[in-house]
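Student: Quick one: the structure is below, questions incoming.
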Amino acid sequence: SAVVKIDNGTPSGNSYQPNRAFFEESVVLTPAGPCTIDSIKVYLSGTQAVRDTLWIVGFPTSGNLWPTQYIWNFNTIIEPIAYDYDGTEGWKTFYVGNTGLRSEGLDRIVIQHRLKPQGPWFTYDNDGRNNTYDSWICDPFTPNPNFLNIAGTIYYYPAGDYMGRLIVTYDFPKGESSDSPPPPYLLNVSSSVGLSGKGMSSVVDWNNDGAI
């Protein structure tokens, strides 16, 4: 297994403020190549034992507009992970190896939850934000006067990188990361299906499975 992370491993604090109640906290992680995602780990803060839910979603834009609860109904990659936080700060591991969760090394995986008054809260590390656009807090309620009054487009940043991780098994492992996958190719089956030598024919990968 390999670890996909952006944090340095040393917790520093959390981003909760009363005026941010029920905002959304998110961390985005990008595996280095095609892989199966076995587990999700999040370092959580808070001392109250409460119910929480993690949302594992795709990144719906080219990078300039982060996902929010408004895409949960169509861009959630697996079922939401509802769990009971025990009130003890630290790493919490969620096994997802039975869900079919994958990355092809191009897509980004986003871990989200709501920033509730009683916690738990995502924890950021102690050396500042080294991955500028990979940890954020979204206000999903206030219309944005600078963006057509669209709610869900006002963002804030934590003081460090959020401590969320993916435990993955790479299809093409190389050390602790991924080797480049082999180049794609098309398999020519025109002769075997009787197309060759019988006039003009078109060749197309109509279902994107790599065969013609």
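Student: Send over a whole-number figure in Å² for the accessible area per residue of segment 103-174, probe 1.4 Å. Mind dumping the intermediate values first?
Tutor: Numbers: 3190 Å² over 72 residues.
Per-residue accessible area for segment 103-174 comes out at 44 Å².
Student: What FRET efficiency would be calculated for the residue pair Asp84, Asn126, taking the C-beta separation as r and a Förster radius of 25 Å, to the nearest 0.05? Can you show the working numbers first?
Tutor: Working: r = 28 Å, r/R0 = 1.12.
Computed FRET efficiency for Asp84 and Asn126: 0.35.
Student: At R0 = 30 Å, how high is the FRET efficiency between Leu106 and Gln17 if r is their beta carbon distance? Nearest 0.05 is fine.
Tutor: Working: r = 35 Å, r/R0 = 1.17.
Working from the Cβ atoms, E equals 0.30.
Student: Would you please name the chymotrypsin sites (Phe, Trp or Tyr not before Pro) within segment 110-164 that are DSSP coil residues with at most 14 other C-beta atoms within 10 Å of their C-beta?
Tutor: Details: sites: Trp121, Phe122, Tyr124, Tyr133, Trp136, Phe141, Phe147, Tyr155, Tyr156, Tyr162; in loops: Tyr133, Phe141, Phe147.
Hits after loop and neighbour filter: Tyr133, Phe141, Phe147.
Student: Can you list, largest first and rounded to whole Å, the semi-axes you get for the chain by taking the square root of 5 times each eigenvalue of its Cα gyration tensor? Present the calculation step by step, with values, prior to reporting the outcome.
Tutor: On the way: eigenvalues 310, 89, 46 Å².
Each semi-axis is the square root of five times an eigenvalue, giving 39, 21, 15 Å.
Student: Please report the projected area of segment 66-167's Cα convex hull averaged over all directions, in nm².
Tutor: Values: hull surface 33.3 nm².
Orientation-averaged projected area of the Cα hull: 8.3 nm².
Student: Springs between alpha-carbon pairs under 10 angstrom, Gaussian network model over the chain: which of Asp125, Asp86, Asp161 fluctuates most?
Tutor: Of Asp125, Asp86, Asp161, the most mobile in the Gaussian network model is Asp86.
Student: Further question: Leaving out ligands, DNA and RNA, and with a 1.4 Å probe, what % of the accessible surface on the chain is carbon or sulfur? Numbers along the way, then the final one.
Tutor: Details: 5820 of 11310 Å².
For the chain, the apolar C and S fraction of the accessible surface comes to 51 percent.
Student: Which of the listed residues, Ile150, Ala82, Ser15, is farthest toward the dipole's positive end in the chain, when Lys, Arg count +1 and Asp, Glu count -1 at the beta-carbon?
Tutor: Of the listed residues, the answer is Ile150.
Student: Taking K and R as +1 and D and E as -1, what net charge do the other residues with C-beta under 11 Å from the C-beta of Asp125 add up to? Mind dumping the intermediate values first?
Tutor: Numbers: positive: Lys5, Arg129; negative: Asp7, Asp127, Asp161.
Summing Lys/Arg as +1 and Asp/Glu as -1 gives -1.
Student: Additional query: Roughly what would the spin-label model give for Thr30 and Tyr157, points 7 Å off Cα along C-beta, in nm?
Tutor: It works out to 1.6 nm between the two label points.
Student: So, counting K/R as plus one and D/E as minus one, what does the shell of residues with Cβ under 10 Å around Asn14 add up to? Each step should come with its number before you reach the end.
Tutor: Details: positive: none; negative: Glu25, Glu89.
Counting the neighbours of Asn14, the net charge comes to -2.
Student: Relative to the compact-globule scaling 2.2 N^0.38 Å, provide the ratio for the alpha-carbon radius of gyration of segment 1-106.
Tutor: Compared with the compact-globule rule of thumb, segment 1-106 sits at 1.13.
Student: Between the DSSP loop rule and a limit of at most 12 other Cβ atoms within 10 Å, which chymotrypsin sites (Phe, Trp or Tyr not before Pro) in segment 1-36 are left? Don't skip to the end; give the middle numbers.
Tutor: Values: sites: Tyr16, Phe22, Phe23; in loops: Tyr16, Phe22.
Passing both the DSSP loop test and the Cβ count: Phe22.
The values are calculated or read from the model by the stated rules, or taken from the named source; none is laboratory data. Keep in mind it's a predicted model, so treat the numbers as computed, not measured. Reconstructed Cβ throughout: ideal geometry from the backbone, glycine too, with neighbour counts over all protein chains shown. Side chains are part of the model used for accessible areas, which takes the heavy atoms of the whole protein and leaves out ligands, DNA and RNA. Shrake-Rupley method; radii C 1.70, N 1.55, O 1.52, S 1.80 Å.
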